[in-house]
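The values are calculated or read from the model by the stated rules, or taken from the named source; none is laboratory data. Note that this is a predicted model, so its numbers are computed, not measured. Please note: Cβ atoms are built from the backbone with ideal geometry, for glycine as well, and neighbour counts cover all protein chains shown.
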Amino acid sequence: MQYHPENDPQHIGLKVNEGVTDMPMVNPYMRPKRIRRTYTADEYVEAILQGDITMLSRAVTLVESALPSDQKMAQAVIEKCLPHAGKSIRLGITGVPGAGKSTFIDEIGTLLTGKGKKLAVLAIDPSSERSKGSILGDKTRMERLSTDPNAFVRPSPSAGSLGGVARKTRESIILCEAAGFDTIIVETVGVGQSETAVHSMVDFFLLIQLAGTGDELQGIKRGIMEMADGIAINKCDGNNIEKAKVARNQFQNALHLFPPHESGWSPEAVTCSAVEGNGVNDVWDMVERYVAHTQNNGFFEDKRTQQAKYWMFESINEQLKDNFYQNKTIEDLLQHYEQRVLQNEVSSFIAAHELLETYFNIIKG
């Protein structure tokens, strides 16, 4: 109880009432913060091989993390999962924004799980160049798959270098295959050069197009059609049925203009409606015929071997770039050379040459 001199008898007319007892600084009803348990690589792998979705999600989060400790753990988990991977059909899906990719995946995914297949969907979601934020709204658009016990939907932000995003997606494929998923769908952002990266990690590359959008020639010019193993003209419903059929014929004729595929497969164009479910089964039949065709002529395994080699070199390039920019000496020199380039004291090419020469001298010691 605090003493107040104002309450002394000599101070007539003054009185200070006693205050309330000080409340504790910490809420007595607050639960103590739970410390998340850390797992070993063996614990991750054991749970993944048993099909534990929660541990699979945590492992994918490790893969996506930029922390060196998480990356080290992720690589250990991937290495142990590698012997159990490679037994799935990998389907890449691309198309312009608004083509209905997510709705199509929800429909074909439900079709596949209905046939007893286990499906994993890895959706690369566009990130803001300014805030680096991402909506990650694919689960909202894939309502049925999000609640399907035989499906795993994992949206990932595309923030960072395209190579980094693609590498993490490829590593996530290995984890999903080890968890027992026999069908993997990778959905691209649908803009930029992400299609090339996804094409280099899947077995079948599906291009989803729309009728009457004027995108037919754009698709040819961008070279995406040249990579496609099949084209699906989506939204073939209502008043758009005839337009979709015309577009299918146009795309089918355009496909004959390209050189033959190394696989010996002739790409096909089909129509479908992801909303009504019409023609989606035809798309999957096309995928199965492609897989059977390429497995019979040996191209299926040969393509995966080439992809593995490609990603080895891509990983080397990415590591070299990261080591270059994370070097303290180079980090300090970059600002200096940047100012010299801006003031026209040195050309961009000479600045880059001198920086690289400095970096190689540092490595040599």
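The criterion of at least 2 residues that are over 29 Å from the mean Cα position of the chain (by Cα) and over 30 Å from I108 (Cβ atoms) is met by the following helices (runs of 4 or more DSSP H) wholly inside segment 249-365: 328-342, 348-364.
Screening Q335 on (1) over 18 Å from G86 (Cβ atoms); (2) touching a helix residue (DSSP H, G or I) at 6+ places or on another chain (Cβ under 6 Å); (3) at pLDDT 90 or above shows it passes everything except condition (2). Scanning segment 121-155 for residues that are in a loop (DSSP other than H, G, I, E, B) and among the aliphatic types (A, V, I, L, M), we see that the one that is modelled with the lowest pLDDT is I135. Filtering L14, L56 for residues that are farther than 30 Å from E276 by Cβ, modelled with pLDDT under 90 and of a type in the set (A, V, I, L, M) leaves a single hit, L14.
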